[in-house]
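Quick notes on the structure that follows.
The values are calculated or read from the model by the stated rules, or taken from the named source; none is laboratory data. Keep in mind the model is a prediction, meaning the values are calculated, not measured. Cβ coordinates were reconstructed from backbone atoms using ideal geometry, including for glycine residues, and neighbour counts include every protein chain displayed. Please note that ligands, DNA and RNA were not included when accessible areas were found on the heavy atoms of the full protein model with its side chains. Shrake-Rupley method; radii C 1.70, N 1.55, O 1.52, S 1.80 Å.
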Amino acid sequence: MFLFRWLWKNMKGCRAIYILALCLTVICQSMYIITPYFTQQITDTFIINDNALQNLQEHTDLLLLMLAAMVGFTLIRCGMQYGSNMMYEHTSQTLIYRVRKVLFDKIENQDASFYNVYRTGDIMTRVSADLDMVRHSIAWIIKTIVECIVLFSASLIFFFTMDWLMALCMIALTPVILFITWLFKRKVGPLYVDLRERLSRMNTAAEENISGNRVVKAFAREDYEINQFDKYSKEYSTANKKAAFMWLKFFPFLETTAQSLSVVMIIAGGLFVVFGRITMGQYAAFSGLIWTLSNPMRTLGNIVNDLQRFSASANKIIEIYYGSPRIVDRNDAVDKPDRFDGKVEFDHVSFSYGSTEVLRDVSFTVEPGQTVVIMGETGSGKTTLAELIPRIYDVNSGEVRVDGVSVSHLKLKQLRHNIGFATQDVLLYSDTIDGNICFGDTDMPEEDVVKYAKAADADGFIRRLSDGYDTIVGERGVGLSGGQKQRISLARALAVKPAILILDDTTSAVDLETEKHIQNELSNLDFPCTKIIIAQRISTAKYADKIIVLKDGGILEQGTHEELIAKNGYYRDVYDLQK
């Protein structure tokens with residue numbers, strides 16, 4: 001019932017339309033007994049009655065009226081059915097749009113830890129195939145359930161008004177069908193949960209191989225990846241067949257039992273007519289409505305089948321729908337609408353990914369306008385340290401402060417609007433170069449886009465492209481070199497004029513001449529900015545106000561270039577290697 005309450009909640013704005021559609025469905029299904037009723041009256045009055053000919057001559061208008069009524073009610077029923085179907089479709093499409101929007105909002109605002117758990121292919125499955133199954137439940141499953149209940153009930157009432165014993169004979173097989181359906185539900189439920197997981201794995205494999213196609217080609221692993229995808233595809237196919245064959249295993253029993261109603265009708269109905277218990281007209285009415293009992297019984301299996309699929313899909317959607325990020329604004333968050341000064345403090349900060357310690361008791365201060373370079377071995381915690389400033393992650397202990405206020409007490413949007421972040425793994429969107437640079441401010445004037453592209457030494461190669469700044473870059477920047485992507489990423493970070501600029505190994509893929517140009521531009525920005533730069537090159541670090549060297553999550557040494565050279569430690573070793 002929880003799933004249907006969830007559906008009802010998301011029908012807000014369309015509930016009246018949906019209720020009207022259900023009411024039309026009830027009326028339409030109830031109207032199916034009208035034609036058999038008139039058939040009974042026509043048969044008993046104008047066909048088998050002892051005075052049939054006389055009735056036909058004297059009451060021709062009544063016969064024509066009945067025939068017209070049968071045609072008229074059929075046309076009305078068809079019109080109402082069409083209208084209700086349109087309403088179901090409108091409601092289901094509106095609901096799906098609303099749920100998809102909520103899902104994307106939830107996904108977009110989730111913490112980084114969310115993406116460490118959920119695979120991209122799995123998320124895509126939830127917002128596509130799973131949502132379509134939910135739409136199907138609104139437009140077909142619920143409608144079909146109502147149709148079956150009303151059709152079965154209306155016919156049963158009509159049967160009992162004609163002859164209770166005949167009616168009992170007609171429903172004698174109902175307990176058998178219900179028992180078979182119950183067994184089927186128990187068997188098929190777990191199969192659809194497994195089927196949903198197989199689909200997610202297959203989609204994940206496809207997404208990873210499409211996005212990583214260049215890596216696959218570079219290592220000549222096409223055959224291996226094709227075999228891997230084929231394995232996931234076969235697993236999904238096997239699970240699909242298993243669920244389908246489970247339905248086919250039970251279908252003959254449901255179909256045979258439902259079709260047995262015709263046998264009951266022939267035997268019991270024939271005997272009752274012979275012995276005069278029911279009239280030929282009543283027999284015709286029973287015969288004309290036998291499908292209204294057998295069809296709901298036959299459809300029952302399909303309904304259970306689809307309900308199990310709906311349950312598996314809806315539970316996956318609800319898992320994200322009701323999920324909440326842990327990194328959110330506090331109720332007493334400090335409001336700082338003005339531009340930040342850019343002072344950054346780490347006060348005995350420690351951080352772990354699960355049981356893996358990444359940072360341990362890290363403390364340092366960066367004054368407004370200073371440039372600090374973070375160095376260290378791979379895996380020493382440099383990127384994680386940088387990600388704690390905009391609260392991509394929250395510290396386990398200690399405190400990160402910006403302008404003297406703990407970042408956990410600042411409003412997230414205000415904090416992040418004051419930070420420009422050029423990440424190590426550059427992501428460019430399938431948009432123009434201009435659109436990628438002004439991503440943080442879509443109203444940015446064209447001259448500013450060019451200015452920051454020049455600051456990142458990107459203007460030259462951009463103008464050499466076929467469409468210049470209007471060149472569409474491929475997905476994730478395919479078609480550009482690593483250095484070109486890094487320079488566009490840097491221009492994007494500079495374009496928001498941040499109070500704090502974080503560069504995560506942003507110049508690792510550029511030549512020394514380009515790096516020198518970028519350093520000069522960063523030293524002469526036309527806005528005040530605190531710069532925190534993660535780098536491995538001494539050429540980047542030597543002019544910094546402070547250099548911090550991390551090792552195993554802790555600060556190994558810190559100081560200026562000259563101070564660290566004199567210490568003869570890790571920094572001096574790197575300096576000697578790069579001379």
> Would the range 316-329 turn up any residue that is within 30 Å of VAL362 (Cβ to Cβ), in contact with a strand residue (DSSP E or B) (Cβ under 9 Å, 6 or more places away or on another chain), at pLDDT 85 or above and surrounded by fewer than 20 Cβ atoms within 10 Å (Cβ to Cβ)?
Replying inline: yes
>> Looking at the range 337-373 only, could you name the residues that are at pLDDT below 90 and either surrounded by 15 or more Cβ atoms within 10 Å (Cβ to Cβ) or assigned to a strand (DSSP E or B) (or both)?
In response: TYR353, THR356, GLU357
> Quick one: is ARG98 of a type in the set (D, E, K, R) and free of Cβ contacts under 8 Å to residues at least 60 places away in the same chain?
Replying inline: no
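Within the range 287-307, count every residue that is in contact with a Leu (Cβ under 8 Å, 6 or more places away or on another chain), open to solvent by 20 Å² or more (accessible area, probe 1.4 Å) and assigned to a helix (DSSP H, G or I). Even if it seems obvious, please write down each step before you answer.
Narrowing the range 287-307 to residues in contact with a Leu (Cβ under 8 Å, 6 or more places away or on another chain): 290, 292-298, 300-301.
This time we only want the ones that are open to solvent by 20 Å² or more (accessible area, probe 1.4 Å), so: 290, 295, 298, 300.
Restricting the remaining residues to those that are assigned to a helix (DSSP H, G or I) gives 295, 298, 300.
Here the count works out to 3.
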> If you check ASP434 against the conditions, is it of a type in the set (Asp, Glu), touching a Ser or Thr at 6+ places or on another chain (Cβ under 7 Å) and modelled with pLDDT of 85 or more?
Replying inline: no
>> What pairs come out if I take residues in the range 275-286 that are open to solvent by less than 60 Å² (accessible area, probe 1.4 Å) and pair them with residues that are modelled with pLDDT of 80 or more and part of a loop (DSSP other than H, G, I, E, B) whose C-beta lies under 8 Å away, six or more apart or interchain?
In response: ILE278/ASP163; GLN282/ASP163; PHE286/ILE278
> Residue check: is ASP230 among the acidic types (Asp, Glu), open to solvent by 80 Å² or more (accessible area, probe 1.4 Å) and modelled with pLDDT of 75 or more?
Replying inline: no
> Can you name the number of the only condition in (1) among the hydroxyl-bearing types (Ser, Thr, Tyr); (2) open to solvent by 40 Å² or more (accessible area, probe 1.4 Å); (3) free of Cβ contacts under 8 Å to residues at least 24 places away in the same chain that SER481 fails?
Replying inline: (3)
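Residues of the range 34-70 being assigned to a helix (DSSP H, G or I) and exposed (fewer than 14 other Cβ atoms within 10 Å of the Cβ), which ones? Outline the logic, then answer.
Of all residues in the range 34-70, those assigned to a helix (DSSP H, G or I) come to 34-46, 52-58, 60-70.
Of everything in the range 34-70, those that are assigned to a helix (DSSP H, G or I) and exposed (fewer than 14 other Cβ atoms within 10 Å of the Cβ) turn out to be LEU53, GLN54, GLN57, GLU58, THR60, ASP61, LEU64, LEU65, LEU67, ALA68.
For the range 554-577, indicate whether the set of residues that are of a type outside the set (A, V, I, L, M), touching a Ser or Thr at 6+ places or on another chain (Cβ under 8 Å) and open to solvent by 40 Å² or more (accessible area, probe 1.4 Å) is non-empty.
Taking the range 554-577 and keeping what is of a type outside the set (A, V, I, L, M), we get 554, 557-563, 567-573, 575-576.
If we keep only those that are touching a Ser or Thr at 6+ places or on another chain (Cβ under 8 Å) as well, we get none.
For the range 554-577, residues of a type outside the set (A, V, I, L, M), touching a Ser or Thr at 6+ places or on another chain (Cβ under 8 Å) and open to solvent by 40 Å² or more (accessible area, probe 1.4 Å): absent.
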> Condition test on THR383, is it in contact (Cβ under 8 Å) with a residue 60 or more places away in the chain, farther than 18 Å from GLN110 by Cα, among the β-branched types (Val, Ile, Thr) and not in a strand (DSSP E or B)?
Replying inline: yes
> Among the residues of the range 389-410, how many are open to solvent by less than 10 Å² (accessible area, probe 1.4 Å) and either among the hydroxyl-bearing types (Ser, Thr, Tyr) or modelled with pLDDT under 90 (or both)?
Replying inline: 0
> Considering only helices (runs of 4 or more DSSP H) fully contained in the range 507-579, which possess at least 3 residues that are under 27 Å from ARG487 (Cβ atoms) and touching a residue at least 12 places away in the same chain (Cβ under 8 Å)?
Replying inline: 512-523, 538-541, 570-578
> Take the residues of the range 480-506 that are under 21 Å from VAL344 (Cβ atoms) and part of a loop (DSSP other than H, G, I, E, B): which is modelled with the lowest pLDDT?
Replying inline: THR506
> So ARG298 fits all but one of (1) within 33 Å of the chain's Cα centre (by Cα); (2) closer than 26 Å to MET133 by Cβ; what number is the exception?
Replying inline: (1)
> Only one of (1) open to solvent by 70 Å² or more (accessible area, probe 1.4 Å); (2) over 30 Å from LEU412 (Cβ atoms); (3) touching a residue at least 40 places away in the same chain (Cβ under 8 Å) is not met by MET80, so which one is it?
Replying inline: (1)
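From MET80, MET66, which residue is at negative phi, touching a Cys at 6+ places or on another chain (Cβ under 6 Å) and not charged (D, E, K, R)? Before you say what the answer is, go through the steps one by one.
Working: MET66 fails: touching a Cys at 6+ places or on another chain (Cβ under 6 Å).
The conditions single out MET80.
Could you tell me whether any residue of the range 267-280 is closer than 24 Å to GLN41 by Cβ and in contact with an Asp or Glu (Cβ under 6 Å, 6 or more places away or on another chain)? Walk me through how you get there before you give the answer.
Of the range 267-280, the ones closer than 24 Å to GLN41 by Cβ are 268-280.
Next, only the ones that are in contact with an Asp or Glu (Cβ under 6 Å, 6 or more places away or on another chain) stay: 278-279.
Yes; the residues of the range 267-280 include at least one that is closer than 24 Å to GLN41 by Cβ and in contact with an Asp or Glu (Cβ under 6 Å, 6 or more places away or on another chain).
Can you list the helices (runs of 4 or more DSSP H) found entirely within the range 411-469 that contain at least 1 residues being open to solvent by 90 Å² or more (accessible area, probe 1.4 Å), out of contact with any helix residue (DSSP H, G or I) (no Cβ under 6 Å at 6 or more places or on another chain) and not small (Gly, Ala, Ser)? Steps first, answer last, please.
Numbers: elements: 412-417, 433-437, 446-455, 459-464.
Answer list for the range 411-469: 412-417, 446-455, 459-464.
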